[in-house]
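The values are calculated or read from the model by the stated rules, or taken from the named source; none is laboratory data. Please read all numbers here as calculations on a predicted model, not as lab measurements. Reconstructed Cβ throughout: ideal geometry from the backbone, glycine too, with neighbour counts over all protein chains shown.
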Amino acid sequence: MAEEMNKPELRSSPSIIAKSRSLWPSVLRWIPTSTDHIIASEKRLLSLVKTSYVQELVNIGSGPPGSSVRWFRSSSNEPRFINTVTFDSKEGAPTLVMVHGYAASQGFFFKNFDYLANRFKVIAIDQLGWGGSSRPDFTCNSTEETEAWFIDSLEEWRKAKNLGNFILLGHSFGGYVAAKYALKVICL
């Protein structure tokens, strides 16, 4: 064993270690992109899925008609859209709605869609502000307002899709939103 450690290919030189450390800042750097690039990336991921699907932008509005109150804590009257992908399934299959985590999109679930579509009508969404969904100005000033931003947009999306019973699955931050949404709906 001691002989192997003396072989040159198994020893790390200080210059190699320093060089690998210098890569970290460039790897961790935020790389800005556009919604078009994000949608193109999602489409490339979805092209790997065998189950056919329909992708749509679901209009969730900007607030109640005739009201000065705006959903989603925004000063804009622009309608909001939730990027939605619905996969073909067997007739009568239960509906599974998938909500992604923080700073992600529905494309992160691409390896799960074929398997799940054998058992469910799978609907995956991009949360408001991420993926291919609208990016309204974010004016939340508290945890409660931020939670409402996501919960209200999910509820308006549900209404626009005319969904009744469904299974809500969330990953990471999406799980948090799903749990808060379920608590709000149960308490109504």
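Some values worked out for this structure:
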{"item": "Top-ranked residue of segment 102-128 - restricted to ones that are among the small types (Gly, Ala, Ser) and modelled with pLDDT under 85, ranked as farthest from Ser172 (Cα to Cα)", "result": "Gly107"}
{"item": "Residues that are over 17 Å from Thr86 (Cα atoms) and either surrounded by 15 or more Cβ atoms within 10 Å (Cβ to Cβ) or modelled with pLDDT under 90 (or both), drawn from segment 157-174", "result": "His171, Phe173, Gly174"}
{"item": "Residue in segment 176-184 that is more than 28 Å from Ala40 (Cα to Cα), surrounded by 18 or more Cβ atoms within 10 Å (Cβ to Cβ), in contact with a helix residue (DSSP H, G or I) (Cβ under 8 Å, 6 or more places away or on another chain) and not polar (S, T, N, Q) present", "result": "yes"}
{"item": "Residue within segment 11-34 that is modelled with pLDDT of 50 or more, surrounded by 14 or more Cβ atoms within 10 Å (Cβ to Cβ) and either out of contact with any Asp or Glu (no Cβ under 8 Å at 6 or more places or on another chain) or charged (D, E, K, R) (or both) present", "result": "no"}
{"item": "Pick from segment 140-156, criterion outside any helix (DSSP H, G or I) and surrounded by fewer than 13 Cβ atoms within 10 Å (Cβ to Cβ), ranking: modelled with the lowest pLDDT", "result": "Asn141"}
{"item": "Members of segment 82-108 that are more than 14 Å from Ile38 (Cα to Cα), among the hydrophobic types (A, V, I, L, M, F, W, C) and assigned to a loop (DSSP other than H, G, I, E, B)", "result": "Ala93"}
{"item": "Residue tally, condition hydrophobic (A, V, I, L, M, F, W, C) and modelled with pLDDT under 85, over segment 41-74", "result": "3"}
{"item": "Residue among Lys159, Lys180, Lys184 that is assigned to a helix (DSSP H, G or I), of a type in the set (Lys, Arg) and either within 24 Å of Ile38 (Cβ to Cβ) or in contact with a strand residue (DSSP E or B) (Cβ under 9 Å, 6 or more places away or on another chain) (or both)", "result": "Lys159"}
